[in-house]
1. Between their Cα atoms, which of K95/K166; K166/K188; K96/K166; K96/K203; K95/K122; K153/K203 are more than 22 Å away from each other?
2. So what's the net charge close to Q186: Lys and Arg +1, Asp and Glu -1, counting the other residues with Cβ under 11 Å from its Cβ?
3. Taking the Cα centre of region 102-233 as origin and charging only Cβ (+1 Lys, Arg; -1 Asp, Glu), how large is the dipole, in debye to the nearest 20?
4. Non-local amide H neighbours of I152 (under 5 Å, H modeled in plane, Pro and chain starts lacking H): which ones?
5. In sequence order, what are the phi-derived ³J(HN,Hα) couplings for region 195-208 according to the Karplus relation 6.51 cos²θ - 1.76 cosθ + 1.60 with θ = phi - 60°, rounded to whole Hz, with x for glycine and proline?
6. So how do S213, S218, S128, S81 line up by other beta-carbon neighbours within 10 Å, fewest first?
7. Would you tally the net charge around E125, using a Cβ to Cβ cut-off of less than 15 Å, leaving E125 out, and scoring K and R as +1, D and E as -1?
8. Quick check: residue separation of D74 and K189 times 0.36 nm, minus the Cα distance between them. What number comes out in nm?
Amino acid sequence: MAQPPDTINETFLREVDENLRRDQLRDFAIRHGRWLIGGVILFLAASGGWIYWQQYQVQRSERQVEELAQVYTDIGANKISTAPQRLDTLSESGKKGVRASSLFARAALALQQNDHKLAIAKFSEIASDSGFPQAYRDAALIRQTALEFDTIKPEDVIARLAPLAKPGNPWFASAGEMTGMALIKQGKKQEAGRLFAAIAKDKTVPEGNRARSVQLASSLGVDAGTLPTATNP
């Protein structure tokens, strides 16, 4: 008996293979169809929920920014009766910018009301929160230390402000002056004088701070040069 050509065998085998795969796919769909449909529905629901949550967060953030701006306006108009409670609520925001701004405003309001203890607590909260940008934390640390300067040990002031009391740091003037005064309390007048001289010679420091530092350095026997002026900074 004659053998069929190889091409016929190959065609026949492909057809059998395709039919087998089609039958397997059909059987799989019959057995697992409900789970597949359920999975698709669950995926769509999760995706829709995530999109909704993102939109909700954006809208909520916008409302919080608007509320914060309104609180600022009310404080400026001396309408402060409800400001503390509103700022406390906003300070719980999940948005770092809103939370930090609310804490700063709450501290400023506490100072306006002569509540230094609360103001210090709010500045301390900002300074110790690693989730805030470093600029926010540094500003809060300066304000906290200024308020606590007369009640904490000089060595604590020096240690706390050490990272900021360096030439080139944006807070060099403020941190350097407080560090210098703390050194004077410790009896380290020459060291304080050299620090004031460094502040006076740093052209990135505001003119008022430089002029004051020249005077302080001179009073401690350290030559810091001449007083800076607008034409001779």
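1. Over 22 Å apart, Cα to Cα: K95/K166; K96/K166; K96/K203; K153/K203.
2. On the way: positive: K153, K185, K188, K189; negative: E155, E191.
Around Q186, the surrounding residues sum to +2.
3. Using Cβ point charges on Lys, Arg, Asp and Glu, region 102-233 gives about 140 debye.
4. Excluding prolines and chain starts, which carry no amide H, there are no hits.
5. My calculation for region 195-208 gives 5, 5, 5, 5, 5, 4, 8, 8, 6, 7, 7, x, 4, x Hz in order.
6. S81, S128, S218, S213
7. +1
8. On the way: separation 115, 0.36 × 115 = 41.40 nm, distance 4.66 nm.
So the extension gain works out to 36.7 nm.
Quick note: the coordinates plus some simple rules give every number you see, no bench work behind them. Keep in mind that this is a model prediction, so the values were computed, not measured. Glycine gets a Cβ as well: all are built from the backbone with ideal geometry, and neighbour counts include every protein chain shown.
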